[in-house]
Amino acid sequence: MPRDYHYYEPASGHGLKHDPFNAIVGPRPIGWVSSMNAAGHLNLAPFSFFNAFNYVPPIVGFATVGPKDTLANVRETGEFCWNLATRPLAEAMNMTSAMVAPDVDEFALSGLTPAPSRLVKVPHVAEAPVVFECKVTQIVQLQTAAGAPVTTWVTFGEVVAAYIERSLIKDGVYDTLSARPILRAGGRGDFFEILPEGYFEMIRPR
């Protein structure tokens, strides 16, 4: 029996209550990015389009849909921090997604603590169990297949320093499960937490 597909072409709309694209490509890690402009104003915001892209040197990237404050900040300073969003920090992280004026400090808004970083001027979230200090390598504006510009920019950053809470390191290996990371899915506000029952091991063939 052939599969019964809901077929659509994105240019003509998907015909569903919510766009399925970001639910299909998911759950996705959250780019919880702290940044600062040249005048020293702090910004903290989560991005659902985020991932790791290179091992050596380690490079991460996040996409800003529209010219957001974070994009302006990283263009000015060339620096940002990525902070791991976990289940205990989920509500505070969600507070930092509020659409507020550029001079509003999301650290203060969410009750989080800005901690000094070592190799970048941008502070990170003191409560986060894992932090990457990053220096911008590229900022790329996306475009369509026809070459038309899209109002989305991907910022890539080299991880120049990393912080890992020692309790998350077991026998010399970082334990993803113990960190309780949360992941963004689709819908109005769907998230997932990594839980033990979802774990399985599969060794790559040689």
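Where a number appears in this text, it was derived from the coordinates with a stated rule and is not lab data. What you are looking at is a predicted structure, and each value in this text was computed from that prediction instead of being measured. Note that each Cβ is placed from the backbone with ideal geometry, even for glycine, and that neighbours are counted across all protein chains shown.
Here are the numbers for this structure:
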{"item": "Odd one out for D19, checked against (1) acidic (D, E); (2) touching a residue at least 60 places away in the same chain (Cβ under 8 Å); (3) not in a loop (DSSP other than H, G, I, E, B)", "result": "(3)"}
{"item": "Residue list for the stretch 68-95, restricted to those being hydrophobic (A, V, I, L, M, F, W, C), out of contact with any helix residue (DSSP H, G or I) (no Cβ under 8 Å at 6 or more places or on another chain) and closer than 11 Å to W32 by Cβ", "result": "C81, W82, L89, A90"}
{"item": "A179 being surrounded by 16 or more Cβ atoms within 10 Å (Cβ to Cβ), touching a Leu at 6+ places or on another chain (Cβ under 9 Å), closer than 30 Å to F200 by Cα and among the small types (G, A, S)", "result": "yes"}
{"item": "Matching residues, the stretch 106-125, being surrounded by 15 or more Cβ atoms within 10 Å (Cβ to Cβ) and of a type outside the set (A, V, I, L, M)", "result": "E106, F107, S110, P114, S117, P123, H124"}
{"item": "Flag for P46 being of a type outside the set (D, E) and not in a strand (DSSP E or B)", "result": "no"}
{"item": "Boolean, F132 is touching a Ser or Thr at 6+ places or on another chain (Cβ under 8 Å) and among the aromatic types (F, W, Y)", "result": "no"}
{"item": "Considering residues of the stretch 90-106 that are part of a helix (DSSP H, G or I) and of a type in the set (D, E) only, the residue nearest to G66 (Cα to Cα)", "result": "E106"}
{"item": "Hits in the stretch 1-28 (condition: aliphatic (A, V, I, L, M), closer than 23 Å to N51 by Cα and loosely packed, with under 13 Cβ neighbours inside 10 Å)", "result": "I24, V25"}
{"item": "Those residues of the stretch 1-16 which are in a helix (DSSP H, G or I) and within 19 Å of V65 (Cα to Cα), in sequence order", "result": "P10, A11"}
